1. Name the pairs whose Cβ atoms lie under 7 Å apart, with the first residue in segment 215-239 and within 12 Å of Ile185 (Cβ to Cβ) and among the small types (Gly, Ala, Ser), the second buried (at least 19 other Cβ atoms within 10 Å of the Cβ) and at pLDDT below 90, and 6 or more positions between them or separate chains?
2. Checking the conditions here, which among Thr151, Thr94 is modelled with pLDDT of 95 or more, under 21 Å from Gly220 (Cβ atoms), within 15 Å of ligand 2 (Cβ to nearest atom) and touching a Pro at 6+ places or on another chain (Cβ under 8 Å)?
3. Name the residue that is nearest to Met92 (Cα to Cα), counting only residues in segment 153-186 that are away from ligand 1 (no atom under 16 Å from the Cβ) and of a type outside the set (D, E, K, R).
4. For segment 164-196, name all the residues that are crowded, with 21+ Cβ neighbours inside 10 Å, within 16 Å of ligand 2 (Cβ to nearest atom) and among the aromatic types (Phe, Trp, Tyr).
5. Go over the candidates His275, His264 one by one and state the one that is buried (at least 18 other Cβ atoms within 10 Å of the Cβ) and either out of contact with any strand residue (DSSP E or B) (no Cβ under 8 Å at 6 or more places or on another chain) or hydrophobic (A, V, I, L, M, F, W, C) (or both).
6. Can you say whether Arg311 is within 16 Å of ligand 1 (Cβ to nearest atom) and more than 24 Å from Arg7 (Cβ to Cβ), as far as the supplied structure shows?
7. Taking segment 96-122, which residues are out of contact with any Cys (no Cβ under 9 Å at 6 or more places or on another chain), within 14 Å of ligand 1 (Cβ to nearest atom) and of a type in the set (Ser, Thr, Tyr)?
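The values are calculated or read from the model by the stated rules, or taken from the named source; none is laboratory data. Keep in mind it's a predicted model, so treat the numbers as computed, not measured. We place every Cβ from the backbone using ideal geometry, glycine too, and count neighbours over all the protein chains shown.
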Amino acid sequence: MKDQFDREITYLRVSVTDLCNLRCRYCMPEGVCRKRHEEILSFEEIVEIVAAAAALGIYKIRITGGEPLVRRGCVELCRMIASVPGIREVDMTTNGILLKDCAHALKDAGVSRVNISLDTRDEDKYRDITGGGRLQDALAGIEAAFDAGLTPVKVNTVLIGGFNDGEIADFVEWTRETPVELRFIELMPMGGAFGQEAYLPAETVLEKVPALEPVQEEGGVARLYRLPGGKGRVGLISPLSRHFCGTCNRLRLTSEGKLKPCLHSAQEIDVRGRHGAELLEALRQAIGNKPRMHDTLDADHPSQAGRAMNRIGG
Ligand code: SAM
Ligand code: SF4
């Protein structure tokens, strides 16, 4: 179904939990409270919403969170979603910590590929930015994703000035021999621990690595580059310096059943408890209400999302 700005809405991001086994400083607020089990959508409710979305033309689903793999039965949920008629692709965004033990099961359940978040390749810095995570676990998750064929494996790296700008060239070098798609993402002002001083425009990557050459391929929201002869690719995602609202094709579903037409708007439509025609109507409303673009985003104009990233699903 098209929205009022002629954008075909084909993609739903489904957050299956707000909880996480990490505490990335730009993402999670202090002291996340655990929701009671009844407060989050059951698998059956999620599948019903996905089926209604599919009836309106949505065919791509991304499972996210919080950390999706901490939700018990996540693999089964993926299987249920992948078998909804009309759903052609199920992907996942994960921190990779638990992936080592379930990558093959995810592939078997119908997951096509994964995006894994990794902001540094230094053990101490990883522990610091994630609030105690072990780099080896994330790297093992990336290995497991390759091994299971959850490809192309994409790695999400949030650009954080004063934290990982010194690692950009090394990160890019990684793509020379590894067929990974590295995606540098501009830090969004979502209320996390970093302010304007940490914001780096995605263009910084091209300044640090001038050898990168553009790739004329569809990269979704990412502008794609590669090192000459490199096996992998480098994507730049610039929600601040070059927003991509004009081609936005997505809706988001929070773990407690709110549809968000736009990541950076407080507008939410509660779909919990709606079924049949009423559920379809709520989805039509969410698509119809997608704003043309989000407001300016910078240190003086933080996101109007009204929620931290872990409570939306990045
Ligand atoms: N836990 C999973 C993970 O980390 O991949 C999935 C959820 S996480 C909220 C999804 C993505 O949002 C991650 O790649 C994370 O780096 C990104 N993210 C979180 N807060 C962000 C922010 N303030 N600016 C830019 N990206 C952010
Ligand atoms: Fe957890 Fe992902 Fe947020 Fe990090 S970015 S705290 S892994 S939800």
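1. Taking only residues 6 or more apart or on different chains, not a single pair turns up.
2. Of Thr151, Thr94, the one residue that is modelled with pLDDT of 95 or more, under 21 Å from Gly220 (Cβ atoms), within 15 Å of ligand 2 (Cβ to nearest atom) and touching a Pro at 6+ places or on another chain (Cβ under 8 Å) is Thr94.
3. Step by step, filter segment 153-186, then rank; the result is Pro179.
4. Phe184
5. Answer to the check: His264.
6. yes
7. If the condition is that a residue be out of contact with any Cys (no Cβ under 9 Å at 6 or more places or on another chain), within 14 Å of ligand 1 (Cβ to nearest atom) and of a type in the set (Ser, Thr, Tyr), then Thr120 is the only one that fits.
Yes/no matrix, rows are residues, columns are (1) over 17 Å from the mean Cα position of the chain (by Cα); (2) crowded, with 17+ Cβ neighbours inside 10 Å; (3) within 16 Å of ligand 1 (Cβ to nearest atom):
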site: Glu8; (1), (2), (3): yes, no, no
site: Tyr26; (1), (2), (3): no, yes, yes
site: Ile40; (1), (2), (3): yes, yes, yes
site: Ala53; (1), (2), (3): yes, yes, no
